[in-house]
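Handing you this structure, nothing more for now.
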Amino acid sequence: MRLLIGVVVVMAFVPRAFADDLDAMFGPPPADASWYAPQAAGANWRGFYFGGQFSYSDASADFSKATQSPIAFALRNSALEDQFAPSNWQVLGSASHGAPGFEAFAGYNFQFEKLVLGVEATYDQASLSVQAPNTPISRLTPADSQGDSYLVNITGSGSLTQLDFATLRATAGWSLGNFLPYGFAGFALGHANINIAATVSGEQNPPAVGFCSAAATPPCAPFSFTATAGKGSEWLYGFTVGAGLNYAVTQNIFLRAEYEFVQFSPVAGVMVDINSARVGAGFKF
């Protein structure tokens, strides 16, 4: 909230002070310099516009279910998976990573007196990366229906790298003179590298205490499986919601501050959401 108030104050005073300095140095602008003229009350927001913003984004990724499918596939048709479901044992957790970035945007507004409706497309070059925390698990199962027991060890790894995203959103605002507070909602598209790996190893029919030995009856049967998910180029689909504030410096130039939340549907079992704060400027035709 303090950041937003500070941005509003800067929007309100810095552009006017800068314009006054220009007048003092070079004289007032010519009468036809509509690009320079400060926006009047009841600003006209109708038309095409484009611009750029500096952003800071924080991506959170939940990897807790990412190893379920690959482990279940590796242990398919096994008594171990059927009766004890080690695919449901959680070895990866959640993590987050924040980074600065740059966003480009373009859109078109329709205006009905003070109501301003529009559509806008954005692209945020954030290159976010998240590494999953790993907590290996080692468990000794009870005997199954055949009298076999298992010593099971599971470890894994997960990463999401080079995450960039774009949005297509509908906007709605209310013109308050030179200010335009607005909200938006729409579709989000992301692109990232997602890599999940899990290793399941252990021994069938281990003795009640200790590790497998040659004297065990029946003999112990060690096993090891490695499973992977994800790939180096994944598309993510989701939604975006947020709010912002535009300030008309002139009839064609405006400043902007906004907050955006993006959430993607799970990909390779990984749930990703992004919180972004931005400040920037745009040009309206």
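Only the coordinates and a few stated rules stand behind these numbers; no lab work does. None of these values were measured; they are calculated from a predicted model. Every residue, glycine among them, receives a Cβ derived from its backbone with ideal geometry; neighbour counts consider all protein chains shown.
In the neighborhood of Ser149, defined by Cβ-to-Cβ distances under 14 Å, what is the net charge if each Lys or Arg adds +1 and each Asp or Glu adds -1?
It works out to a net charge of -2.
How far, in nm, would the chain grow between Trp174 and Asn153 when pulled straight, counting 0.36 nm per residue and subtracting the alpha carbon separation?
Between Trp174 and Asn153, full extension yields an extra 1.7 nm.
Still on this structure, I have one more. Can you work out the Karplus-derived ³J(HN,Hα) for every residue in segment 103-115? Use 6.51 cos²θ - 1.76 cosθ + 1.60 with θ = phi - 60°, whole Hz, and x for glycine or proline.
Running phi through 6.51 cos²θ - 1.76 cosθ + 1.60 with θ = phi - 60° gives 10, 10, 9, 8, x, 9, 10, 10, 10, 10, 6, 8, 7 Hz.
Please state the relative contact order of segment 55-284 as a whole percent: Cα pairs under 8 Å, 6+ residues apart?
21 percent
Can you list the residues, at least 5 places off or on another chain, whose amide H is less than 5 Å from the amide H of Met271, using H built in the peptide plane?
Amide H neighbours of Met271: Asp62.
How many nm separate the modelled label positions at Ser94 and Phe283, each set 7 Å beyond the Cα in the direction of the Cβ?
Here the modelled spin labels are 4.3 nm apart.
If you stretched the chain out fully between Phe187 and Phe102, how much longer would it get, using 0.36 nm times the residue separation minus the C-alpha to C-alpha distance?
Roughly 28.7 nm would be gained on extension.
From the phi angles alone, apply the Karplus equation (6.51, -1.76, 1.60; θ = phi - 60°) to segment 265-272 and give each ³J(HN,Hα) in whole Hz, x where the residue is Gly or Pro.
So the J values, rounded to whole Hz, are 5, x, 10, 6, x, 9, 9, 10.
How long is the gain from Gln83 to Tyr56 if the chain were fully straight, where each residue apart is worth 0.36 nm and the alpha carbon distance is subtracted?
Full extension from Gln83 to Tyr56 adds 5.1 nm.
R0 = 51 Å: FRET efficiency of Phe225 with Gln125, Cβ-based, nearest 0.05?
0.85
Between Thr250 and residues 5 or more places away or on another chain, which pairs have amide H atoms under 5 Å apart, with H built 1.01 Å from N, and which residues are they?
Here Gln39 satisfy the definition.
So, in nm, how far is label Ser265 from label Ala72 when the simple model puts each one 7 Å beyond its Cα toward the Cβ?
1.7 nm
Determine which lysines satisfy two conditions relative to Lys114: a Cα distance under 21 Å, and not lying fewer than 8 residues away in the same chain.
By straight Cα distance, Lys114 reaches Lys284.
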